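Q: Have a look at the structure that comes next, please.
The values are calculated or read from the model by the stated rules, or taken from the named source; none is laboratory data. Just so you know, these numbers come straight off a predicted model, no measurement behind them. Here the Cβ is made from the backbone with ideal geometry for all residues, glycine too, and neighbour counts use every protein chain on show. When the accessible area is computed, the model is the full protein with side chains, heavy atoms only, and any ligands, DNA or RNA have been set aside. Shrake-Rupley method; radii C 1.70, N 1.55, O 1.52, S 1.80 Å.
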Amino acid sequence: MMKESDPPWKPTFIVKPDGGCQGDGIYLIKDPSDIRMAGNLQSRPAVVQEYISKPLLIDKLKFDIRLYVLLKSLEPLEIYIAKDGLSRFCTEPYQEPTLKNLHQVFMHLTNYSLNIHSGNFIHSDNANTGSKRTFSSVLYRLSSKGVDIKKLWSDIISLVIKTVIALTPELKVYYQSDIPAGKPGPTCFQVGQEFLCKGHLTTTLKHILILSMGF
């Protein structure tokens, strides 16, 4: 996985235990052989992803974007995207991952449930400030710095659509197994999608949460 244009570059990996939530058990590694065997890896597999080492920063802090998507229908596919979402901020100034800072979760992981325990966590009644704020406030901040917000939104919408299309076959299995044929009334899926913006404003899908299926 070496980049030809940058021979010294080596990827960092983020390990996410299967079935985990709220940042529980997530850690960073430089060498795939460093995956922890604690907790019986065979009974609790993990997802290993390449860590995005050059994220877009605000006030020197890494952040992510969570948006909510409503699937009203699978056939035909009908998708609604919430106009606003959440942005969760780390609480330590970001540095690219090294062996010395891989363990610093407040720098690398945006999970609210982790950062709330940081002494730098900022509680705010204002939705536009603090360590957890509205995505619209982040867009406003980026716009003031000259970022093309329309293009950013367009990229996110495109990524949402592609992700839902990829998920559709599995969602149909859930739908057919849990909803009797011919059942009247509305049915829908609520899906949370988390995104990370790279420093050059490329939007990357970070995580998918199938939060609920409504009847």
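Q: Mind counting the residues in the range 44-63 that are in a strand (DSSP E or B) and farther than 20 Å from Gly25 by Cβ?
A: 5
Q: I'd like to check something: does the range 121-138 contain any residue that is of a type in the set (Val, Ile, Thr) and modelled with pLDDT under 90?
A: Scanning the range 121-138, I find at least one residue that is of a type in the set (Val, Ile, Thr) and modelled with pLDDT under 90, so the answer is yes.
Q: Could you identify the single residue in Lys16, Lys72, Lys3 that is in a loop (DSSP other than H, G, I, E, B), at pLDDT below 90 and of a type in the set (Lys, Arg)?
A: The conditions single out Lys3.
Q: Of everything in the range 57-93 that's open to solvent by less than 30 Å² (accessible area, probe 1.4 Å) and in contact with a Pro (Cβ under 9 Å, 6 or more places away or on another chain), which residue is farthest from Val164 (Cα to Cα)?
A: This residue is Lys62.
Q: Exactly one of these conditions fails for Gly130: (1) on the phi < 0 side of the Ramachandran plot; (2) open to solvent by less than 50 Å² (accessible area, probe 1.4 Å). Give me its number.
A: (1)
Q: When only residues in the range 158-189 that are within 30 Å of Lys62 (Cβ to Cβ) and surrounded by 15 or more Cβ atoms within 10 Å (Cβ to Cβ) count, which is modelled with the lowest pLDDT?
A: Among residues in the range 158-189 that are within 30 Å of Lys62 (Cβ to Cβ) and surrounded by 15 or more Cβ atoms within 10 Å (Cβ to Cβ), the one modelled with the lowest pLDDT is Phe189.
Q: Condition (residue is within 29 Å of Ile157 (Cα to Cα), part of a loop (DSSP other than H, G, I, E, B) and open to solvent by 30 Å² or more (accessible area, probe 1.4 Å)) applied to the range 96-118: is it met by at least one residue?
A: Yes, there is a match, as at least one residue in the range 96-118 is within 29 Å of Ile157 (Cα to Cα), part of a loop (DSSP other than H, G, I, E, B) and open to solvent by 30 Å² or more (accessible area, probe 1.4 Å).
Q: Of the residues Arg133, Arg66, which is outside any loop (DSSP other than H, G, I, E, B), in contact with an Asp or Glu (Cβ under 9 Å, 6 or more places away or on another chain), of a type outside the set (Asp, Glu) and touching a residue at least 24 places away in the same chain (Cβ under 8 Å)?
A: Going through Arg133, Arg66 in turn, just one is outside any loop (DSSP other than H, G, I, E, B), in contact with an Asp or Glu (Cβ under 9 Å, 6 or more places away or on another chain), of a type outside the set (Asp, Glu) and touching a residue at least 24 places away in the same chain (Cβ under 8 Å): Arg66.
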